[in-house]
Structures are given as structure tokens and as C-alpha cells.
Amino acid sequence: MFESIQLAPPDAILGLTDAFKADPNPQKVNLGVGVYKDESGQTPILSAVKKAEARLLEKENTKSYLPISGSPAYAAGVQELLLGKDHPLVSAGRVQTAHTPGGTGGLRVGADFLKKFKTDAHVWMSNPTWANHQAIFQAAGFVTKDYPYYDKANQSLDFDAFLEMLTTIPSEDIVLLHVCCHNPTGIDPTQEQWEKIAEVAEVAGWFPFFDFAYQGFGHSVESDRYPLELFASKDLEFAVAASFSKNFGLYNERTGSFSIAGQTKEAAEAAFSHVKTSIRSNYSNPSRHGGGIVEEILADPALRQEWLDELDTMRDRIKSLRSQLVAGLNARGIDRDFSFIEAQNGMFSFSGLTPDQVKILKEKYSIYIVGSGRINVAGLNASNLDVLCDAIAEVLA
Ligand code: LMR
């Protein structure tokens, strides 16, 4: 059987890391995958994480299974991050949360669950979106569609076209929305624009599914969750897949969640029982370590503050790298306005480079960025910033 199978294409993002590792050029730069790196080019383990791990090691007295949806204390911590302390929906039992293997696992668990009840729905996603979104929903059996999002000419949000499309999406369909730090563009709706989106959602009746992978990388843990608080305030049903890969730096611990908000406790519990059957037939129940770390940090005020301070440091450093990138490009006299890079949120900059230019960066300069032109700004440092600016200047000359 295997003799007749052709190679699958490399992954658009993780495949770049494989190609980067195989590149013998000592000057090579990997700005592909969305991973935060410090000034020395390392992806550090946060000090709050190290402390939590030490405590876990000390306290742990069993390796027995967790419940299908994970630890209840983890779920409570996640719900507080998503909606704030003592949110009325949480107090009313209307929010249910499962610990999933990363945000990707959260999206897939959500997709499998939704497919059971929305068999003929289409899943709408922004154009462009994270390279894995289509694959996840298609693997769950959905047909995916695009809504307009990015205005290429102005490097901004094409809000009118986006909103207009949302008004035409049928009520039985599902709309995937990035809560903050839109991947790959870094361009988010303003709070006023979110209010309009929520008004349309209320009237149109489609099902909102939020992807929340960068909480704290936009403005703050609190203000980044505004869209969820808004939808919750309107009593709309919705789902959220959240990731702790970036904000806790727990990439290889695969720590995320899938949550649903229902209109009554009974409805949320009934729906969640089917989330659990999806998990049981997939990976049975989650692994402990990453969730244990998050639970430990969120439950201890001092550790939680330490984590928030470290998150602030990462966010501030990325913002400063954005300014340095714009200054570096301007200093090379390129006849283009790059100031839009400073207005983008999160780890990425959608540079406006074409696929051909991205190919030249890789083949001639060993600089790896995603084919859409997405640069992982969080991977820049003093030693590779000039290399990148020089190469971009030459590619655009
Ligand atoms: C990214 O977009 O680079 C990250 O979310 C990592 C991934 O899994 O693709």
C-alpha cells in the first residue's frame, strides 16, 4: 500500500522549521513559526513556570488519569482568564471548559463537537487566516469559506467588506473569529468595530467560534478579552479555543482549552457532555503537566503577578522590535511606508512581501518567513535585525 503513496506537502509553518534546520548557512534566520525568542535567540522558560514546576514536582503524588475534560481547577482558572473574575455566566454554570492539547487541540475538539450538531454548516474564516485553520475544520468534515478581512492596498482591516459579509452568512453556519493579534495580519477590529460585529451576530444568528491564542500580546490580558466579554454580555452562545503556548511559553507542553458559553446551565451542560464524548474518542483525557503549571500560577497571587510581569516584558519587547524594524527599513531608503508594522498587534508582521520575494529571502539569504509574507517579529534581535533589513532592501530594490 505504501508504495503507491505520494509525499504530502510540507506544513506551511512547521515545515519551515525543518527546512531551516537543514540549511547549512551559519547566517540563517528563522522568522517563520510564531515562537517568542529573547535577545540571545532563546525561547526562555518563564520564571513563574519554573517555580510552578518545582511546586508540582514537590506536591505530585499520583500519575492517575485526569477527568476527560481535565482538572476542574484548571477549567476555573481558564474561565477567569477568558471572562474575568466572578463573571456572572461562570457563576451561573453557563460556561464549560475542557483542557485540550494546545489551542490546535481546542479548535479540533470544538470542530468535532460542532460537526455532530451542525452537520451541513459551512465554517467561515478570515482571508487570510492561520495556515492550519482550514485543515483543522476540513479534517472534522466541514466545508470552509472565506470572509474578506485584509485590505492589501492600505495594509489595514477591510471592515466594511468584512461586516457586510457577516450579515449574509446563514444562521446555521459557523464563523471563526480571532479574539486578538489576528494571525497572520496582526490587524484587529477596534472595540467599536467589535460592537458592530456582535450586533450582526445577534441578528444573523450564526455560531461564533473564537480562536484566542495570543491573550496578553495585544494590549493586556484584560483588554484583549473584550470581544468575549461583549458576546457574553449579549447572552449569545459561543465557543472559544484558547492557547497557553505563547502567553505562558508552554509550546511543547500542548496546553490549551475549549470552552462553550450557553444560554442556560442545563443547555451548556448537555452540550458539554458531547464535547466530552468527542475527547474520549480522540485522546481520552489530557496530560497533566502543562495544565498543572497554569493552574498553579493562576491560583497563587504572587506567582500570577510574576507571570503577568513576564508577559508584559515579552509584549513590550515585541513592540520595541516593531519600531526597530520600521526604523531599520526606513534607514535603508526603501521607497515604501512601513509604519503600518508598528500598528499591528501580537507576534507577527504582515510585511506585504510577495511569495516570490519570500522565496528569494529564503533561497538567497537563508531568511525563513511564512509564504504569505508573515514575519515573526518575536524572533528578531540585535544580531538578525540588520540582516533582515538589508535583505528586504535588496529584494525590494
Ligand atoms: C504560528 O502560527 O506560527 C503558531 O501558531 C504555531 C503553529 O502551530 O503554526
Handout entry: Extreme residue, nearest to the chain's Cα centre (by Cα), among residues of the stretch 137-184 that are surrounded by 13 or more Cβ atoms within 10 Å (Cβ to Cβ) and among the acidic types (D, E)
Key = D146
Fill in the blank from the handout: Log entry, pairs with first residue in the stretch 336-348 being touching a residue at least 24 places away in the same chain (Cβ under 8 Å), second being open to solvent by 20 Å² or more (accessible area, probe 1.4 Å) and away from the ligand (no atom under 16 Å from the Cβ), beta carbons closer than 6 Å, six or more apart or on different chains, reads F340/Q155
Practice task
Determine if the stretch 245-268 includes at least one residue that is crowded, with 23+ Cβ neighbours inside 10 Å, of a type in the set (K, R) and under 19 Å from the mean Cα position of the chain (by Cα).
Solution key: yes
Practice task
Pick out the one residue from D235, D316 that is without any contact (Cβ under 8 Å) to a residue 24 or more places away in the chain, open to solvent by 30 Å² or more (accessible area, probe 1.4 Å) and either of a type in the set (D, E, K, R) or closer than 30 Å to E60 by Cα (or both).
Solution key: D316
Problem - Condition met for S223 (farther than 30 Å from W307 by Cβ and part of a helix (DSSP H, G or I)) - result: no
Completion exercise
Filter the stretch 350-377 for residues that are within 13 Å of the ligand (Cβ to nearest atom) and closer than 14 Å to N30 by Cα; the one that is most open to solvent (accessible area, probe 1.4 Å) is G371
Fill in the blank from the handout: How many residues of the stretch 123-133 are crowded, with 18+ Cβ neighbours inside 10 Å and away from the ligand (no atom under 12 Å from the Cβ)? The answer is 4
Exercise for the section: Name, by its number, the condition in (1) surrounded by 15 or more Cβ atoms within 10 Å (Cβ to Cβ); (2) more than 16 Å from the ligand (Cβ to nearest atom); (3) part of a helix (DSSP H, G or I) that does not hold for G105. Expected result: (2)
Exercise for the section: Quick one: in the stretch 202-232, of everything that is touching a strand residue (DSSP E or B) at 6+ places or on another chain (Cβ under 8 Å) and of a type in the set (G, A, S), which residue is surrounded by the fewest Cβ atoms within 10 Å (Cβ to Cβ)? Expected result: A232
Practice task
Check whether at least one residue in the stretch 206-214 is farther than 21 Å from R55 by Cβ and acidic (D, E), and report yes or no.
Solution key: yes
Exercise for the section: Return only the number of the condition from (1) among the charged types (D, E, K, R); (2) more than 16 Å from the ligand (Cβ to nearest atom); (3) part of a loop (DSSP other than H, G, I, E, B) that K50 does not satisfy. Expected result: (3)
Handout entry: Hits in the stretch 18-38 - residues which are within 23 Å of A135 (Cβ to Cβ) and surrounded by 15 or more Cβ atoms within 10 Å (Cβ to Cβ)
Key = A19, F20, N30, L31, G32, V33, G34, V35
Exercise for the section: Report whether or not T62 is surrounded by 12 or more Cβ atoms within 10 Å (Cβ to Cβ), outside any helix (DSSP H, G or I) and either touching a Leu at 6+ places or on another chain (Cβ under 9 Å) or modelled with pLDDT of 95 or more (or both). Expected result: no
Completion exercise
When (1) open to solvent by less than 40 Å² (accessible area, probe 1.4 Å); (2) part of a loop (DSSP other than H, G, I, E, B); (3) at pLDDT 95 or above; (4) more than 16 Å from the ligand (Cβ to nearest atom) are applied to G41, the one that fails is (3)
Completion exercise
When the stretch 226-252 is checked residue by residue, the ones that are outside any strand (DSSP E or B) and within 16 Å of the ligand (Cβ to nearest atom) are F244, S245, K246, N247, F248, G249, L250, Y251, N252
Exercise for the section: For L325, indicate whether it is open to solvent by less than 10 Å² (accessible area, probe 1.4 Å), within 27 Å of L46 (Cα to Cα), in contact (Cβ under 8 Å) with a residue 24 or more places away in the chain and away from the ligand (no atom under 16 Å from the Cβ). Expected result: yes
Fill in the blank from the handout: Counted residues in the stretch 272-288 being assigned to a helix (DSSP H, G or I), touching a strand residue (DSSP E or B) at 6+ places or on another chain (Cβ under 8 Å) and open to solvent by 30 Å² or more (accessible area, probe 1.4 Å) come to 1
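The values are calculated or read from the model by the stated rules, or taken from the named source; none is laboratory data. If you're wondering where the values come from, they're calculated on a predicted model, not measured in any experiment. Positions of Cβ are generated from backbone atoms using ideal geometry, with glycine treated the same way; all protein chains shown enter the neighbour counts. Calculation scope for accessible area: heavy atoms of the full protein, side chains included, ligands and nucleic acids excluded. Shrake-Rupley method; radii C 1.70, N 1.55, O 1.52, S 1.80 Å.
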